[in-house]
Structure formats: C-alpha cells, structure tokens
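> Starting off with a structure, shown below.
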Amino acid sequence: MSRHDSLYFADGTLTLQDLDGTLFNVYRHHFIAKSGFFSGMLTLPSPDQPTPIQNASNGISDSTAVPLPPNFTTVEYEKFLNFIFNVGSLDIPLVTDLCAILKTSHFFAAESGVQYAVHYLQAHANFPAALRFRMGCDYSIVSWVKAAFDDLVAVPVIDMTVEDEALLGTQAFRALVLTQAKVTDHRMSLAVCPPLPTHATWCRNPAYCQTQWESAWTSIAGPLGWLIKEELSGAEIHNKLDLWVPMAMTGECRLLTCSRLKEDLKREEVIIDSAVTALIRLVVV
Ligand SMILES: [Zn+2]
C-alpha cells in the first residue's frame, strides 16, 4: 500500500462532485481499475510538483470531494457510474443511457464502457439515424456515419426535425441536401430515359424484344414505378430485378438488359458514397 493509499483512502472510498454539486461515493480501487483517466489522475504527485492531482487526493469527505469535469450532466454521470459499478437492470439499455455511457467512458478512457455502449447501440432498433451520425462523427465510428448518411438520404428534408438538423450540423445537412438532389436527378433521368435493351446474339426479333421491354418498364410493377412511385433505393430495385420475370422478351436479352440497368442504378450508390467519403474527411474527429 502506498503512502497515498494509507494517508487518504484508508476506507477505500472516494467522493466525487459534479458541477451541480451532486456527490457520488464510489469504491476507489474498482473505479481506478475501470478508468484510465482516473487511474492517472489519482496518482500521488511529487510534493514539489503540485498538480490538479492534489485536489483529487482529497475526496475522503463531502467537504473535500474530487471535482468532476464540467463536461457532463448529473444524469450522464449517474449512467456512467452505474455502468462502472454494475448497477441497474439486465434489460437492454435505452439509447439515451447508452449514449451517456459512450460519451463519459470515452472521455474517462473507460474502454469497457466504450465497448459496451458501441455494442448495444449499433444493434439498437431505436437508434435514430441523425443521432447515429453525430455519435459516429464524435467518436470516430466511420461505419455509423456511412450507415446513417445512407438512411438519411432516403428521408425528405421536409420530414427532418430541428433536432435532426442540429445533430447533423451545417456541413452534413448541406451535403445531405445536395446528395438528395443529385440522386433525384439521376433517378428522374433514368425513369424518363430507360436503357435500351441489350440483345443476345441469337435474338430473333429485336424489335419485339424492345416493345416488350418498354411495356414492362412502364407497367405498374416495373422499374418506372419502383423509381418514381415507390421510391425504392437502387439496392432494393437491384434485388427486385433478380426476381422480375414479367416480359415476353427473349430470356437472355432480359438478363442482359437487367444487368445493364443494375449498372445504371449503381450510379446512385456512387453519388452517395462519394458524398459521405468527402464528408467524413470534414466532420469525423
Ligand atoms: Zn432481344
């Protein structure tokens, strides 16, 4: 046991105080073991080198509590400490609780908290895209940024809330609006000017093939409806084409033509990928 241990922490507890004055009594050893931040902070300073640690070496009573950084709310500190000390139910935590654990654990270098929050957040059914985007940016989780941007491209700007806009920030919101405009322009161009059919070498009646293709294109359950009416994503249309056999055109011609259409649809993914790649360079910490 070090001098520091015996002198200041004989009872093995530590009192922390947040900006609002709320006091948290914790078990010191367990707390230090879980947090790299506090492990370093609560190391005994050299007597001739006063540092903030000297404040931290108090904390044995309410009157000398260790001040916590002002970065977090009392509720966020509660969630963090509940996680560190395994307090709480076994149910899957709420998104807000997990975000609090991620924010605090990241700040205090509590790796187990970061891993726990990331694990449950990325599988959480109620993790909104705009919040996923923000958390991905703030904590360098690129896969979250990409997935959230993909989801948000499909959401009309008019349906976004003020909170969504705030979470996205000006740069991301602008990138999103521009990307939506480019995707819409591409889809409209494709809808009104579909690819011509590609014929197999043994196609006996290319004119008939083309008539069938054009008829299928504008049918109720055809690519035009998927693009304009149902507004399916390029990936969704891609999957539908694999199961689409509505045309009387030559089988090989249909396969070749659908393959060409799939290539055209990939342009939509290229637009989105290009936008999010450029955005990540600007907004991910
Ligand atoms: Zn043909």
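> Along the principal axes of its C-alpha atoms, what lengths does segment 157-217 span, in descending order and rounded to whole Å?
59, 19, 13
> Then there is this: Which residues does a label at LYS262 reach in segment 221-238, if reach means a backbone N under 19 Å from a point 7 Å past the Cα toward the Cβ?
Within reach of a label on LYS262: 222-224, 226-227, 232-238.
> For the pairs LYS103/LYS262; LYS182/LYS240; LYS103/LYS240; LYS103/LYS229; LYS79/LYS182; LYS103/LYS146, note any where the Cα-Cα span goes beyond 31 Å. Numbers along the way, then the final one.
Numbers: LYS103/LYS262 41 Å; LYS182/LYS240 23 Å; LYS103/LYS240 41 Å; LYS103/LYS229 41 Å; LYS79/LYS182 42 Å; LYS103/LYS146 20 Å.
From the list (LYS103/LYS262; LYS182/LYS240; LYS103/LYS240; LYS103/LYS229; LYS79/LYS182; LYS103/LYS146), the Cα-Cα distance tops 31 Å for LYS103/LYS262; LYS103/LYS240; LYS103/LYS229; LYS79/LYS182.
> Within the chain, which complete DSSP H helices have Cα atoms spanning at least 30 Å along the helix axis and a mean Kyte-Doolittle hydropathy of 0.0 or higher? Kindly include the intermediate steps, with their values, before the conclusion.
Values: long enough: 162-192 (36 Å, 0.29); 251-283 (48 Å, 0.22).
Span-like helices, by this rule, are 162-192, 251-283.
> Okay, next question. Report the semi-axes of the equivalent ellipsoid for segment 110-224 in whole Å, largest first, where each axis is √(5λ) for an eigenvalue λ of the Cα gyration tensor. Please list the in-between numbers first.
Values: eigenvalues 366, 64, 27 Å².
Calculated on Cα positions only, the semi-axes equal 43, 18, 12 Å.
> Residues of the chain: accessible area per residue at 1.4 Å, in Å²? Spell out each step's value before the answer.
Numbers: 15750 Å² over 285 residues.
On a per-residue basis, 55 Å².
> Please work out the FRET efficiency for the pair ILE228 and VAL270, using the Cβ-Cβ distance as r and a Förster radius of 25 Å; give the result to the nearest 0.05. Show your work: numbers first, answer last.
Values: r = 21 Å, r/R0 = 0.82.
For R0 = 25 Å, the calculated efficiency reads 0.75.
> On to the next question. Can you tell me the alpha carbon radius of gyration of the chain divided by the globular rule-of-thumb value 2.2 N^0.38 Å? Mind showing how you got there, number by number?
Values: Rg = 28.6 Å, N = 285, 2.2 N^0.38 = 18.8 Å.
Compactness ratio reported: 1.52.
> With +1 on each Lys and Arg Cβ and -1 on each Asp and Glu Cβ, and nothing else charged, work out how big the dipole of the chain is about its Cα centre, in Debye to the nearest 20.
On the way: 20 positive and 30 negative charges, 177 e Å.
That gives a dipole near 840 debye.
The values are calculated or read from the model by the stated rules, or taken from the named source; none is laboratory data. If you're wondering where the values come from, they're calculated on a predicted model, not measured in any experiment. Note that we place each Cβ from the backbone using ideal geometry, even for glycine, and neighbour counts take in every protein chain shown. Accessible surface areas use protein heavy atoms only, side chains included; no ligands, DNA or RNA. Shrake-Rupley method; radii C 1.70, N 1.55, O 1.52, S 1.80 Å.
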